[in-house]
Amino acid sequence: MSSRRDDGTGLIDIDPWLQPWENSLRHRTARYRGRLRDLESITGSLESFAQGHHYFGFIRGTHKGASGLWYREWAPGAEHLALVGDFNNWDRSTHAMTRDTWGVWSLFIPDGKPQPTHNSRLKVHVSAGHNSADRIPAYIRRVSFNADGSHASGVYWDPPEPYRWKHAAPPLVEFPRIYEAHVGMSSREEKVSTFPEFTRDVLPRIKAAGYDCIQLMAVAEHPYYASFGYHVSNFFAVSSRFGTPDELKALIDEAHGMGIRVIIDLVHSHSVKNTLEGLNRFDGTDHQYFHAGGRGEHPLWDSMLFDYGKTEVLRFLLSNCRYWLEEYRVDGFRFDGVTSMLYKHHGVGHTFASYDDYFGNSIDEDAVSYLQLANTLIHRLRPDALTVAEDVSGMPGLAQPVEIGGIGFDFRLAMGVPDMWIKTLKERRDEDWNLGHIYHTLTNRRHDEKHIGYAESHDQALVGDKTLAFWLMDAAMYHDMSVHSRSIQIDRGIALHKIIRLLTFALAGQGWLNFMGNEFGHPEWIDFPREGNNYSYWHARRQWNLADDDNLRYKHLAAFDRAMLALQSRFDLFRTQWPHQIMVHEEDKVLAFHRGPLVFVINLHPTRSHDGLRIGVPTRSDHIAALDSDHPDFGGHARTRPHADFPLQARPDRGMDQSVQVYLPTRSALVLAPRGLAPADDRGA
């Protein structure tokens, strides 16, 4: 075993099915180690290599004994660079830059001479062949746009008083409950919301809802708002739509003060095509940061693809990881588009039905090495940092340590689960749901890697679909969500919404993710302002008022979500990695399983309740209801006895030495806990 670990084939000890690809795993690790040695030979360590943001861009320093401002830019294909901006009246002739052997251009402006000052606008004029353009510096830390979103300029950001942090980051969250949020659409008003508004209005909601980690989307600058932050133009700049760098720091600082960790979406899988705002053809060539020709363009995303084999591209991206960790004190990253990075075909049109799909010529080995380097760097700098991979392919070892041949992520998203639920709702009546298939899908993941489970994805509501709540209740949500009204469709929808989320929470991983608003059944869909909707913000907002209104039933779903999350904080649910199925009865629509000491019993039958249902339990103890979806606080009908106890019976059942009997109403769920584990007054409310 030790020899395998020494050469990076330790994954085979975990997954013997990888044995035929032993040489591929060994090759993967050798490439990573070779690349690591190459980078370390340049600066002495990976950590120091990833400090491009302290060399490139605008840095205070000295030259020949004089203090001043350095500006450096990597542009090997360019013929001439000159800094222009407010400080020199945009004169392209006064601040020419000089080039070194490696294609790095530099300019030193001594103090006392006209210099960029805090908040002044600037660009770099780049000449290459017959083409010349004013470009935004690659390492710029702030960008400004005209009111209509056009004409971007770089901004020199150097506040007289640096932000003073008040709170340390909370301790590592081993099994995170992640609240995914988009700051711009976080207001109930039809507008782009800001960092200060999110800090004031949304952070307290996240804390009260029981989440311990926030995943912020669309943080890096992107010219097109409707891209949801995926088409990044300026990787070191905070999105100016939402506020200033210091306002983002204040948001993260306040979250830390609340005991909430913050991770951000990191989009290193591709970059916007725009030339005036972004990196595309920065030095006049099509192969500076990206692959040349067709390989440099994503076939579906209309974006540019990084060449991870280039040293300066690695410096740029690895420095970006370090920058966000240190400058903004983020607690980790959700890496976007990992499938696209791993494969030269980007996963387009591939089903990944065989281990052969994970090795061979279709793999982008440079991208694999980059992800290994990024995870190594992040965890060296912050051993408590969280990295999550968005990968639909199921690449073996993605969330395993680099040292044994893995790629180094802490978690991977259980991406097949939201797709299963949408497909189920679209194609089957709930009385026809196959419980065995649902259970299998929710637990069908790599047993050796940790997953983040989630019931619905923002992507599904974003690209012409709708939220789970709207799939379940549709137009009835417009007029039948009052606590005073009676609607079979709403009753069914609320019951199934709770069950879908509880099943996913309990079965799909060792962590949980929810997009903001879905915890209370946010209706409709997401649609950012664009030409096709007459630039409306109506669906690019969150209607918090729905959950706050005591006369509406959204409050019941929010209360259920809080109680569901509490199962993890009270019983350490996720520490038991795998559930154990107790029973599945397709005709009666009953599913029962336990995860650790907690027993989950689900009845999905639309008309048949079950009285005296015997369920085997793993713990020799009387049980109580740790959670009852039919409780009135959760919009249920109180059909189970209040404060019900479930006495232990010495009758074996389905492989268990003891059992309890329960009454299980239609479309309801019970979570049973051994009496000794639950607080004395805990009865599921």
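The values are calculated or read from the model by the stated rules, or taken from the named source; none is laboratory data. Just so it is clear, the structure is predicted and the values come from calculations on it, not from any experiment. Virtual Cβ from ideal backbone geometry, glycine too; neighbours counted across all protein chains shown. Side chains included, ligands, DNA and RNA excluded: accessible areas come from the protein's heavy atoms. Shrake-Rupley method; radii C 1.70, N 1.55, O 1.52, S 1.80 Å.
Determine whether Y358 is out of contact with any Leu (no Cβ under 8 Å at 6 or more places or on another chain), modelled with pLDDT of 95 or more, hydroxyl-bearing (S, T, Y) and open to solvent by 10 Å² or more (accessible area, probe 1.4 Å).
When the stated conditions are applied, Y358 passes them.
Does V388 satisfy the criteria of being touching a residue at least 40 places away in the same chain (Cβ under 8 Å), of a type in the set (A, V, I, L, M) and more than 18 Å from N514 (Cβ to Cβ)?
So V388 does not fit the description; no.
Looking at (1) farther than 20 Å from S45 by Cβ; (2) at pLDDT 95 or above, which one does N375 not meet, given that it meets all the others?
(1)
Considering A82, A133, which residue is surrounded by fewer than 16 Cβ atoms within 10 Å (Cβ to Cβ) and part of a strand (DSSP E or B)?
From the options A82, A133, the qualifying one is A133.
Working carefully through the options G406, G464, find the one that is among the small types (G, A, S), on the phi > 0 side of the Ramachandran plot and assigned to a loop (DSSP other than H, G, I, E, B).
From the options G406, G464, the qualifying one is G464.
Residue check, R99 against (1) open to solvent by less than 70 Å² (accessible area, probe 1.4 Å); (2) modelled with pLDDT of 95 or more; (3) charged (D, E, K, R), all met but one. Which one?
Failed condition: (1).
Within region 625-658, restricting attention to residues that are in contact (Cβ under 8 Å) with a residue 12 or more places away in the chain, surrounded by fewer than 22 Cβ atoms within 10 Å (Cβ to Cβ) and not in a loop (DSSP other than H, G, I, E, B), which residue is nearest to the chain's Cα centre (by Cα)?
Ranking the candidates gives D633 first.
Can you pull out the strands (runs of 3 or more DSSP E) entirely within region 524-615 that have at least 2 residues that are surrounded by fewer than 19 Cβ atoms within 10 Å (Cβ to Cβ)?
The qualifying strands (runs of 3 or more DSSP E) are 580-585.
What number of residues within region 316-344 satisfy the criterion of being open to solvent by 10 Å² or more (accessible area, probe 1.4 Å), more than 29 Å from K166 (Cα to Cα) and over 16 Å from the mean Cα position of the chain (by Cα)?
Total satisfying the criteria: 1.
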